[in-house]
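Q: Input: one structure, supplied below.
The values are calculated or read from the model by the stated rules, or taken from the named source; none is laboratory data. Since this is a predicted model, take the numbers as computed values, not measurements. Every residue, glycine among them, receives a Cβ derived from its backbone with ideal geometry; neighbour counts consider all protein chains shown. Ligands, DNA and RNA are stripped out before the accessible areas are found, and what is left, the full protein with its side chains, is counted by its heavy atoms. Shrake-Rupley method; radii C 1.70, N 1.55, O 1.52, S 1.80 Å.
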Amino acid sequence: MDRDHLPRFTAAAVQAAPVYLDPAATVDKAVALIAEAAAAGAELVVFPEVFVPGYPYWNWTMNPVQGSPWFERLQRASVDIPGPHVERLRAAARRHGVVLVIGVNERAPHSLGVLYNTLLTIGPDGALLGVHRKLVPTWAEKLTWTGGDGSSLVVHPTPVGPLGALACGENTNTLARFALLAQGELVHASCYIALPVAPADYDMADAIAVRTAAHSFEGKVFSVVACSTISPEIVDMLAGDDEELRKQFTRPRSALSGIFGPDGRPVTEPLVDEEGIVYGEIDLARCIQPKQMHDIVGHYNRFDVFRLEVDNRPRPPVTFTAPTAAPVASAHPTAPATPATPEEDV
């Protein structure tokens, strides 16, 4: 990044529902939304957590035995990295020249019982820059996802600036956020899901806004937050004739998306509950003066008093030390910064 010419650009936060448990149709929808955002001038497009092919709401509404067949459905509908669904997303980013962050359910190459809540960061040339696996699944999510490791806690250099990304509750993890800020993050992607199944006194829209404002204000960075919505089709699939569940799934203030500035305030009005795209102008030069007041990764810290140590080694399920050992599929794919080829533009 040229510090003398800091990026100024339009960001897009997509608030939408997936085509539930249908990865091909959900990718089709994502590709169309990428094209729409790019046509409106967006250079950074952020999608919700596990947008492809959706969130395991049954963990909150069923006991584990009832939810087990749904886990199998999700496993069968999840994506491989590399794989055809990811290649289509890479091709769309390249075609429209945008930086893309999007959440997927990722199948592990070594086990049918392992799914990851994964964020993909893709460059405007189609390069797969980052594959971040949510470090700790939140609450009921532990019935579905395996946690990632520290190797993907990375800030990526992009044309829109140093970009980091965290999934949902990770944005409550102070040390994870600090690890990104300390790598020079200036643009933060926060990817969420609508959570109408939360406790009755929990306002998900407020919770998203508070967490996003906190990271922006503490780090003096811009945050682009994208949250999913719940379509009538999802309600029909998961609630059926259960009127109490139907009422719960249509609970208001379950989703919020928008763009927040380094003062912690939204740069434009956030979108609550409804599908749509929120656009906002990001000027990274606005990060300079606030950092003179509080730079928690610089002068406003005491590194002789506090120290954060991050173990960023990949954690595969097995390591063979003998040089003649047969190779096995890695549990953590390296994200090669290779551009998409024209053949991938499908």
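Q: Could you give every pair whose Cβ atoms fall below 7 Å, whose first residue belongs to the stretch 40-61 and is at positive phi, and whose second residue is at pLDDT below 95 and open to solvent by 10 Å² or more (accessible area, probe 1.4 Å), counting only separations of at least 6 or pairs across chains?
A: As it stands, the answer is none, since no pair meets every condition given.
Q: Taking the conditions exactly as written (surrounded by 23 or more Cβ atoms within 10 Å (Cβ to Cβ), of a type in the set (D, E, K, R) and either closer than 24 Å to residue 127 by Cβ or touching a residue at least 40 places away in the same chain (Cβ under 8 Å) (or both)), does residue 106 satisfy them or not?
A: Yes: the conditions hold for residue 106.
Q: OK, next. Within the stretch 244-252, can one find any residue that is over 26 Å from the mean Cα position of the chain (by Cα) and modelled with pLDDT under 95?
A: The answer is no; no qualifying residue exists.
Q: Within the stretch 310-325, does at least one residue satisfy the condition of being assigned to a loop (DSSP other than H, G, I, E, B), open to solvent by 90 Å² or more (accessible area, probe 1.4 Å), in contact with a helix residue (DSSP H, G or I) (Cβ under 6 Å, 6 or more places away or on another chain) and not aliphatic (A, V, I, L, M)?
A: yes
Q: What's the number of the condition residue 130 fails, among (1) over 15 Å from the mean Cα position of the chain (by Cα); (2) outside any helix (DSSP H, G or I)?
A: (1)
Q: When you go through 281, 269 one by one, which is the residue that is modelled with pLDDT of 95 or more, among the acidic types (Asp, Glu) and closer than 30 Å to residue 200 by Cβ?
A: Exactly one of 281, 269 is modelled with pLDDT of 95 or more, among the acidic types (Asp, Glu) and closer than 30 Å to residue 200 by Cβ, namely 269.
Q: For a quick check of your reading: which helices (runs of 4 or more DSSP H) sit entirely within the stretch 50-105 and have at least 1 residues that are closer than 19 Å to residue 196 by Cβ and over 18 Å from the mean Cα position of the chain (by Cα)?
A: Answer list for the stretch 50-105: 58-61, 64-77.
Q: Of the residues that sit in the stretch 122-141 and are in contact (Cβ under 8 Å) with a residue 60 or more places away in the chain and over 20 Å from residue 77 (Cβ atoms), which one is most open to solvent (accessible area, probe 1.4 Å)?
A: Looking at the filtered set, the residue picked out is 125.
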